[in-house]
Amino acid sequence: MVLESGSPLVKHMVNTLRDVRCDAMRFRWVLKETAKLLLAEAAASLPLIERKITTWQGGFVGSFVDERRIVCVSILRAALPMQEGILEVLTEAEGGFLAMKRDEQTHESRLYYDRLPDLEGKRVILVDPMVATGGSLSDALSLLSQRGAESILSLNIIGAREGVERVAAAFPDVAIHIAQVDPRLDRNAYIVPGLGDAGDRAFNTPE
Ligand code: PRP
Ligand code: URA
């Protein structure tokens, strides 16, 4: 299921990223804050618990997100600022990492390292700014399911229509909350108009 944001604020953030004048520090900041905006859009599906707290007027029972059942997993590198944003909001959630790199010739992703906590019974928030062919996201979703994740939601910034539809068809139970779906891929499997290479732009590495 693909849920493209209709928020003008999210569009403002995405278009800020598209601007070539957006430097690395601002790029990381916008990724981080946009992840929080997408989390707010996805929040209805997060597990809740009732907790008793003490307020200035005494005892109070209120709803909280069950953060200890949540794991936020990032796909390196470009998703790191998004993960930081999610973990700033859900401070007791766990973090996990999937290191993947797309082969520039075949455009296929390769997992070269993972560091995931126990996912049994956990709700996973998977973050990755870019969904181009959809290969990285599909591989990540397969791995997280194999490791026992109870449910997964995906937060993404820009996707190419064909890649997003490919992932949605293969993983119908996953809610893909995406800021913007762009029309196509170029011959190097880059999203058009997209924003270029998100990892390079976030971390000041040459293309
Ligand atoms: C980018 C991006 C996604 C992937 C999307 O990562 O962050 O993970 O490409 O492409 P796909 O949908 O065709 O798989 P990249 O492999 O460039 O690594 P980086 O973040 O370290 O630059
Ligand atoms: N990875 C990116 O960072 N950008 C694209 O357009 C495609 C893959």
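The values are calculated or read from the model by the stated rules, or taken from the named source; none is laboratory data. Being a predicted model, the structure only gives us computed values, none of them experimental. Glycine gets a Cβ as well: all are built from the backbone with ideal geometry, and neighbour counts include every protein chain shown. All accessible areas refer to the heavy atoms of the entire protein, side chains included, with ligands and DNA or RNA removed. Shrake-Rupley method; radii C 1.70, N 1.55, O 1.52, S 1.80 Å.
The residue list Phe64, Phe27 contains one member that is on the phi < 0 side of the Ramachandran plot, not in a helix (DSSP H, G or I) and not aliphatic (A, V, I, L, M), which is Phe64. The residues of segment 153-169 that are hydrophobic (A, V, I, L, M, F, W, C) and either closer than 24 Å to Ala189 by Cβ or open to solvent by 30 Å² or more (accessible area, probe 1.4 Å) (or both), listed by number, are Leu155, Ile157, Ile158, Ala160, Val164, Val167, Ala168, Ala169. What residue, among those in segment 170-207 that are small (Gly, Ala, Ser) and more than 10 Å from ligand 2 (Cβ to nearest atom), is least open to solvent (accessible area, probe 1.4 Å)? Ranking the candidates gives Ala179 first.
Residue-by-condition table, conditions (1) under 29 Å from Ala189 (Cα atoms); (2) open to solvent by 70 Å² or more (accessible area, probe 1.4 Å):
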site	(1), (2)
Met100	yes, no
Gln105	yes, yes
Glu108	yes, yes
Tyr113	yes, yes
Leu116	yes, no
Lys122	no, no
Leu126	yes, no
Pro129	yes, no
Ala132	yes, no
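Considered as a group, the residues in segment 51-87 that are among the β-branched types (Val, Ile, Thr) and surrounded by fewer than 17 Cβ atoms within 10 Å (Cβ to Cβ) include one that is nearest to ligand 2 (Cβ to nearest atom), and that residue is Ile53. The number of residues in segment 114-127 that are assigned to a strand (DSSP E or B) and in contact (Cβ under 8 Å) with a residue 24 or more places away in the chain comes to 7. If you go through segment 128-144 one residue at a time, do you hit one that is farther than 26 Å from Val20 by Cα, in a helix (DSSP H, G or I), touching a Phe, Trp or Tyr at 6+ places or on another chain (Cβ under 8 Å) and within 10 Å of ligand 1 (Cβ to nearest atom)? Checking segment 128-144: at least one residue is farther than 26 Å from Val20 by Cα, in a helix (DSSP H, G or I), touching a Phe, Trp or Tyr at 6+ places or on another chain (Cβ under 8 Å) and within 10 Å of ligand 1 (Cβ to nearest atom).
Screening the candidates Glu150, Glu165, Glu120 for the property of being of a type in the set (D, E, K, R), more than 21 Å from Met1 (Cβ to Cβ) and more than 16 Å from the chain's Cα centre (by Cα) yields one hit, Glu120. With respect to the conditions (1) free of Cβ contacts under 8 Å to residues at least 12 places away in the same chain; (2) in a loop (DSSP other than H, G, I, E, B), Ala169 lacks only one, and its number is (2).
When you look at Ala40, is it small (Gly, Ala, Ser), farther than 24 Å from Asp139 by Cβ and in a helix (DSSP H, G or I), yes or no? It is true that Ala40 is small (Gly, Ala, Ser), farther than 24 Å from Asp139 by Cβ and in a helix (DSSP H, G or I).
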